[in-house]
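Enquirer: Take a look at this one; I'll ask things after.
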Amino acid sequence: MTHTQVYFPKNRRDARFRLQLSSLLILTFFLLLMSTTGTGHAAALRNAPGSFSEIAKKVSGEVVNIQVVTTTKVGGQGFQQFFSPWGENDPRNDFFERFFGPSTPREYKQNSLGSGIIVGKDGTIVTNNHVVENADEIKVLLKDGKEYEATIVGRDPNTDIAVIKIEPDETLTAAELGDSDALEVGEWVLALGSPFGYEQTLTAGIISAKGRTIGAGPYDDFLQTDASINPGNSGGPLINMDGEVIGINTAIAGVGTGIGFAIPINMAKNVIEQLKSHGEVTRGWLGVSIQSLTDELAEYYGAKDKKGALVAAVTPGDPADEAGVKAKDVIIRLNGKPVEDHRDLTRMVADIPVGNIAELVVLRNGKTKTIKVKVGKRDEEQISGRDGTGKSAPTQNSLGIQAEEITPDMAKRYNLPETEGVIVSKLTPDGKAAESGLQAGDIIKEINHEEITSMSDYNRVMNNLKEGDTISMFIRRASAGYLVVNIKP
């Protein structure tokens, strides 16, 4: 048999050899890379979820369904103005009540749902404040179907956290609390709760963002997730891949779908412990009005990267004043930690125990200065200035107003008609401001004919009010344009 040999020209043989050699080198490099980074690849594979069933089995018994009954009064607005010729109990009155409303206010029982996390084997449960704040009755349903009456141990509206307690027949399994500071954007998380009353519902997603501000209160620092969160999930856990609670599901975006927010568990831990021990939360207080730095302010004060909080005003007699902090100081560090902005400083100070010494590093006239301040107690009901006569001015809390400064990001995100100023972020339903017609979302342009362009303006004007003053607010409302709201004492 004749064998035919095939020969490639020399240049082609060389090219083939070079190709084979290159392929061998690439394969060798790849194998070497795999061997030297095996730990990282193993971690990546471990974190890639194939199934969430084992985590669900581990944590499902730590999550409860909360059923709340509240009493509301409705009616009494229209028909009571008219005299009934047939007598109070005549059935013909029902016809008129359909059009004018009932003649006297009527009480109705209203049911609502939420979720909770068992944090104590003795039946201690954490949930959202808004789930239980107006409750007449609270029932807790465990995974095994057992139902218990619950009582409120303590509530903290500022962080929307509440602790309730049941008296179980047996020792419960408490959830493991993780480290929310260690989370990274893109990590897988699970939400577990009772959306729309469907108990033990598990949804999955990732951490979409950290440090979100959504206008919920002075300590906004939310985790954002695309794990599905719906009404009824409130108070339930956000869970990492180790089965640890790293957040408390609290809110959903008002527009769009797929965006939910959770309170970081590291923020909640201190609040939970204080509510368990004392039934309330005590926070640190410096006595300063602060604001974040704009590009222009940062350049003017020599603050790098817009980091720090500008002191707009110092309350006379409060801790910062006694320690020597001055208006126009820029606080750049607190107890050795950098201060990002005014919200960051507010949260950091709040976590310092009352009576402790806080070390501030401030920028003053282009130079750094260290100031030690003995931290006072933040009185949530009496945060205001005084008029110099010993009389307290009307406080924001007594009026029921919570306001915050509009940032460019906020204006863009919520399509606000203004890009600067102060917006009403929250109102107490039975507060004087709400009763006078002020609404959340109103942009405050003037107070008693004084222009309001920042929180420092707002605090200055509010703090200068005297007891008995009528407050005239010139506002802009998205649905109605410019309006005046008069808040009477």
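Enquirer: Consider the stretch 310-365. How many of its residues are in a loop (DSSP other than H, G, I, E, B) and open to solvent by 60 Å² or more (accessible area, probe 1.4 Å)? Can you show your working first?
Expert: Here is the first cut: in the stretch 310-365, the residues in a loop (DSSP other than H, G, I, E, B) are 315-318, 324-329, 335-336, 339-341, 351-356, 365.
Remaining after also requiring open to solvent by 60 Å² or more (accessible area, probe 1.4 Å): 316, 326, 328, 335, 340, 351, 353-354, 356, 365.
Result for the stretch 310-365: 10.
Enquirer: Does residue 185 satisfy the criteria of being in contact with a strand residue (DSSP E or B) (Cβ under 6 Å, 6 or more places away or on another chain) and open to solvent by less than 20 Å² (accessible area, probe 1.4 Å)? Give the steps one after another, and end with the answer.
Expert: Details: in contact with a strand residue (DSSP E or B) (Cβ under 6 Å, 6 or more places away or on another chain): yes; open to solvent by less than 20 Å² (accessible area, probe 1.4 Å): no.
No: the conditions fail for residue 185.
Enquirer: Going through the stretch 169-182 one residue at a time, which ones are of a type outside the set (Asp, Glu), open to solvent by 10 Å² or more (accessible area, probe 1.4 Å) and either free of Cβ contacts under 8 Å to residues at least 40 places away in the same chain or not in a strand (DSSP E or B) (or both)?
Expert: Pass one, the stretch 169-182, residues of a type outside the set (Asp, Glu): 171-175, 177-178, 180, 182.
Next, only the ones that are open to solvent by 10 Å² or more (accessible area, probe 1.4 Å) stay: 171-175, 177, 182.
Answer for the stretch 169-182, where residues must be of a type outside the set (Asp, Glu), open to solvent by 10 Å² or more (accessible area, probe 1.4 Å) and either free of Cβ contacts under 8 Å to residues at least 40 places away in the same chain or not in a strand (DSSP E or B) (or both): 171, 172, 173, 174, 175, 182.
Enquirer: What do you reckon, is residue 397 in a helix (DSSP H, G or I) and at pLDDT below 80? Walk me through it before giving the result.
Expert: Numbers: in a helix (DSSP H, G or I): yes; at pLDDT below 80: yes.
Yes: the conditions hold for residue 397.
Enquirer: Further question: Inspect all residues belonging to the stretch 217-224 and state whether any of them is under 30 Å from residue 400 (Cβ atoms), out of contact with any Ser or Thr (no Cβ under 6 Å at 6 or more places or on another chain) and of a type in the set (Ser, Thr, Tyr).
Expert: Checking the stretch 217-224: not a single residue is under 30 Å from residue 400 (Cβ atoms), out of contact with any Ser or Thr (no Cβ under 6 Å at 6 or more places or on another chain) and of a type in the set (Ser, Thr, Tyr).
Enquirer: Please find, among 160, 156, 220, the residue that is surrounded by 17 or more Cβ atoms within 10 Å (Cβ to Cβ) and on the phi > 0 side of the Ramachandran plot.
Expert: Going through 160, 156, 220 in turn, the sole match is 160.
Enquirer: Could you check the stretch 263-306 and list, in sequence order, the residues that are basic (Lys, Arg), over 22 Å from residue 181 (Cα atoms) and in contact with a helix residue (DSSP H, G or I) (Cβ under 8 Å, 6 or more places away or on another chain)? Steps first, answer last, please.
Expert: Step one: filter the stretch 263-306 for residues basic (Lys, Arg), giving 269, 276, 283, 304, 306.
Then keep just the ones that are over 22 Å from residue 181 (Cα atoms); that gives 276, 304, 306.
If the condition is that a residue be basic (Lys, Arg), over 22 Å from residue 181 (Cα atoms) and in contact with a helix residue (DSSP H, G or I) (Cβ under 8 Å, 6 or more places away or on another chain), then 304, 306 are the ones that fit.
Condition check ((1) part of a strand (DSSP E or B); (2) in contact with a Ser or Thr (Cβ under 8 Å, 6 or more places away or on another chain); (3) not charged (D, E, K, R)) across all residues:
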position	(1), (2), (3)
167	no, no, no
185	no, yes, yes
199	no, no, no
207	yes, yes, yes
210	yes, no, no
242	no, no, no
247	yes, yes, yes
250	yes, yes, yes
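Enquirer: Going by the conditions given, is residue 438 open to solvent by less than 10 Å² (accessible area, probe 1.4 Å), more than 19 Å from residue 310 (Cβ to Cβ) and either touching a helix residue (DSSP H, G or I) at 6+ places or on another chain (Cβ under 6 Å) or in contact (Cβ under 8 Å) with a residue 12 or more places away in the chain (or both)? Give the derivation first.
Expert: Details: open to solvent by less than 10 Å² (accessible area, probe 1.4 Å): yes; more than 19 Å from residue 310 (Cβ to Cβ): yes; either touching a helix residue (DSSP H, G or I) at 6+ places or on another chain (Cβ under 6 Å) or in contact (Cβ under 8 Å) with a residue 12 or more places away in the chain (or both): yes.
Yes; evaluated as a whole, the condition is true for this residue.
Enquirer: Also, I was wondering about something else. Would you confirm whether or not the stretch 284-295 contains a residue that is open to solvent by 50 Å² or more (accessible area, probe 1.4 Å), part of a loop (DSSP other than H, G, I, E, B) and over 23 Å from residue 122 (Cα atoms)?
Expert: Yes, that holds for at least one residue.
The values are calculated or read from the model by the stated rules, or taken from the named source; none is laboratory data. This one's a predicted model, so the numbers in the text were calculated from it and none came from an experiment. Note: ideal-geometry Cβ built from the backbone for every residue, glycine included; neighbour counts use all protein chains shown. Remember, those area values only see protein heavy atoms, side chains included, never the ligands or the DNA or RNA. Shrake-Rupley method; radii C 1.70, N 1.55, O 1.52, S 1.80 Å.
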